1. Go through the range 254-298 and give me each residue that's touching an Asp or Glu at 6+ places or on another chain (Cβ under 8 Å) and among the small types (G, A, S).
2. Spot the failing condition for E306; the list is (1) closer than 23 Å to L152 by Cβ; (2) touching a residue at least 12 places away in the same chain (Cβ under 8 Å), and only one is missed.
3. Got a number for residues in the range 24-50 being surrounded by 19 or more Cβ atoms within 10 Å (Cβ to Cβ) and farther than 28 Å from G161 by Cα?
4. Kindly evaluate E383 against the criterion of being within 21 Å of L258 (Cα to Cα) and surrounded by fewer than 16 Cβ atoms within 10 Å (Cβ to Cβ).
5. State all residues of the range 336-378 that are surrounded by fewer than 22 Cβ atoms within 10 Å (Cβ to Cβ) and either in contact (Cβ under 8 Å) with a residue 40 or more places away in the chain or outside the structural domain of Y391 (by TED's automatic domain parsing) (or both); if no residue qualifies, say none.
6. Working only within the range 278-292, note down all residues that are under 22 Å from V376 (Cα atoms), of a type in the set (S, T, N, Q) and without any contact (Cβ under 8 Å) to a residue 60 or more places away in the chain.
7. Scan the range 295-310 for residues that are among the polar types (S, T, N, Q) and either loosely packed, with under 14 Cβ neighbours inside 10 Å or farther than 13 Å from D151 by Cα (or both) and jot them down.
8. Restricting the search to the range 55-97, which residues are in contact (Cβ under 8 Å) with a residue 12 or more places away in the chain, in a loop (DSSP other than H, G, I, E, B) and within 17 Å of the chain's Cα centre (by Cα)?
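The values are calculated or read from the model by the stated rules, or taken from the named source; none is laboratory data. Only a predicted model underlies this, so the values are computations on that prediction, with no experimental measurement involved. Note: ideal-geometry Cβ built from the backbone for every residue, glycine included; neighbour counts use all protein chains shown.
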Amino acid sequence: MARPALVLFDDLQARRWEPFALTRPVGELLFGAEKLADRAARALGLEPVCYLTQEHLADFCEDGTPDVLGLHALPAERDLIFWCSRAVLEPGQDIAVPDGPAVYAIGEQPVGIYVPAGRRPDETFLRELDVESALGPQVQLRGRLLEWVWDLLVDAPDQMGRDLAAGAEICDLPAGVFHEGQHGVSVGQGVRIEPGVLLDTRDGPIRIGDDVEVRTGTRLAGPAALGNRSRLLGGSFERICAGPYSYLRGELVDSVILGYTNKAHEGYLGHSYVGKWVNLGALTTNSDLKNNYRPVRVWTPAGLQETGHIKIGCFLGDHVKTGIGLLLGTGTVVGAGANLYGSAMPPRYVEPFSWGEGDALVEYRLAEFLDAAARVMARRGVEPGERERRYLTSCWRKGRGG
């Protein structure tokens, strides 16, 4: 008997996770040291066959990611498990496949639904996680449902520590590399760590991916995870998770970087979440603490929200670019594709695909954005094809109100 197919869907709340939900399915976001999609697949023992998300992401395409499909395009001959992208399960649970329609729940909150072949769930459930629109008995699971995008950031260090704890051993390090602490350091293939580097695992383990370069003058404190082909070019890095091809320098604290991002110069990045293909000019610096030490409010499509946390930096969408010396205020949200420069601080919320200085922002024209994106991606060996251009064009149109 064929195992069910896993479909990851973004409900209305997940679609409010700007600035990232504009350009990628929520399952593609990092939580701790793992993407939400990979976390769900491992917990459920199933490989995702597709994403159900916003229509303008139909051409979303990255290596190794599921396609974005509509309900009409799902395999009719397979049993399907629809799983909310922002639901996180505790590991080690025995999750049985039901005999018929069933609802997966964490406490009283539905997070998924099992649908036999030939049937489809009520779209109200997929939008609102409405238990009344889901048929069948409840299957109780342990875990949590992430509410806002900053949950990915605030809880990242603890989650990363748990993710990296399994299999983290103290490995042999090159001569002149210092290791302090009782937690492990795992190192991939082809890694180059220069003398004079300090790996500090007093507060958690460190994982270094394949072909990573760590240069002299770097202090890396765990829990921390570096994706393949990343570079640490010198500075202080504490509790960071960086996806592949992240080139980093300066001071980074409690931050998540999805990958293919360039921060190769001095500057502070703290308590921040950064998308892919971002370039931060020299001395770009953000604030992550208000002068009055009060909790930070953050812009969302549902309005300003109280985070309840005093340490919140910035949220930078995919393809954001900043000029030298740019300053970002506490809790700033910069929409995808924005290009910011100058000495004036931008507003708390920067619309996607904006261009300019301070409040004087205009539209970043589509042709110029696509040209810049193609040039940047080519520098990392990625040549965008026609599908990639369609995807970026759809994101631009959606972001500019089209």
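1. G267, G270, S272, G275, A282
2. Only one criterion in (1) closer than 23 Å to L152 by Cβ; (2) touching a residue at least 12 places away in the same chain (Cβ under 8 Å) is unmet by E306, namely (2).
3. Of the residues in that region, 1 qualify.
4. Working: within 21 Å of L258 (Cα to Cα): yes; surrounded by fewer than 16 Cβ atoms within 10 Å (Cβ to Cβ): yes.
Yes, satisfied.
5. Y341, R348, Y349, E351, A372, A373, V376, M377
6. First, the residues of the range 278-292 that are under 22 Å from V376 (Cα atoms): 278-285.
If we keep only those that are of a type in the set (S, T, N, Q) too, we end up with 279, 284-285.
If the condition is that a residue be under 22 Å from V376 (Cα atoms), of a type in the set (S, T, N, Q) and without any contact (Cβ under 8 Å) to a residue 60 or more places away in the chain, then T284, T285 are the ones that fit.
7. Within the range 295-310, T300 is the sole residue that qualifies.
8. The answer is F60, C61, E62, T65, P66, S85, R86.
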